[in-house]
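Here's the structure, in structure tokens; my notes come after.
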Amino acid sequence: MDTEIQNTFRALADSTRRDILMHLSAKEMTIAEVSAHFDMTRAAVKKHLVILEEGQLISARRIGRETLNKLEPEGLKTAFSWISYFSEFWNVKLQNLQSAIEEEGKSKND
Amino acid sequence: MTDITITKTAFFQASRETVWSFLTTKEKLGKWFHPAENDLVEGEPYSLIGTANDGAKMKICWGTVLQMNFPEKLVWSFTVNALEGVMTTVSWDLEEVNGGTKLTLTHSGLDASGSGLELITMLDAGWDMHLGKLRDANK
């Protein structure tokens, strides 16, 4: 399973994180600046930012005591490509199918 | 429009007839994909049904069963919401290999310029769930 694509999809599969991306598309922001747009604690925002970074959708760089978060549009390209979406989609389905068939085999042998 | 084809193979320690049943009967489709409204019938439309976040039933994937050649070949036209009405083609080929079955999936007709926003909407509804199932399956 391609973990990179999986992380990107995971990062995108949440409306708060997509909102964060929209805000970051305007400019680089610190956690405090991102938090100002949401009714959440900084810790909660930080968690979302970590998941976005794992999904390669943003990058973080330290300037003095601040961490600036920046949108990485290249990361979106992978997710927007149909081939990678369906490729991953079918990987998941086929693995589900394999386990479903194995399950049936087991219950027959019981 | 750039035509894209995805090909995948999987092996099963099961007969073609067993694998076929998982591709064509409503309950067994539900064990790995989504339950179908009815068992699949050649020439007839089909729908795979899921449950939305608010509990309502919704069509997830649908199309027409174009070909059923038991137990060798099954062809569906196939679309999902995010494809915005574009019909693609999904073919399943079943070959007997060493007492088991080699299943080849061919998904063709995908347009490379598909809309990203719609894709994300779909992911929101469905992706987490499938990843969860996958994790359970691999435990």
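Computed values, structure above
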quantity: Chain A, Rg to Rh (Cα coordinates; Rh as Kirkwood inverse mean 1/r); calculated: 1.17
quantity: Out-of-range pairs (alpha-carbon distance over 18 Å; input A:Lys108/B:Lys73; A:Lys46/A:Lys70; A:Lys108/B:Lys31; A:Lys93/B:Lys31; B:Lys73/B:Lys102; B:Lys8/B:Lys57); calculated: A:Lys108/B:Lys73; B:Lys8/B:Lys57
quantity: Phi to ³J(HN,Hα) by Karplus 6.51 cos²θ - 1.76 cosθ + 1.60 over region B:12-29, Hz, x for Gly, Pro; calculated: 10, 8, 7, 6, 4, 4, 5, 4, 4, 5, 6, 9, 10, 9, 4, 5, 5, 4
quantity: Within chain A: Cβ-based charge dipole about Cα centre, in debye rounded to nearest 20 (Lys, Arg +1; Asp, Glu -1); calculated: 420
quantity: Relative contact order, percent, chain A [alpha-carbon distance under 8 Å, six or more residues apart]; calculated: 30
quantity: Placed amide H near B:Asp39: partners under 5 Å, 5+ positions off or other chain; calculated: B:Lys26
quantity: Integer Hz, Karplus 6.51/-1.76/1.60 couplings in order for region A:25-40, x for Gly and Pro; calculated: 5, 7, 6, 5, 9, 7, 4, 4, 5, 5, 4, 4, 8, 10, 8, 9
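Readers should treat all values here as calculations from the given coordinates under stated rules, not as data from a laboratory. None of the values given here were measured: they were computed from a predicted structure. All Cβ positions, glycine included, derive from the backbone under ideal geometry; neighbour counts span all protein chains shown.
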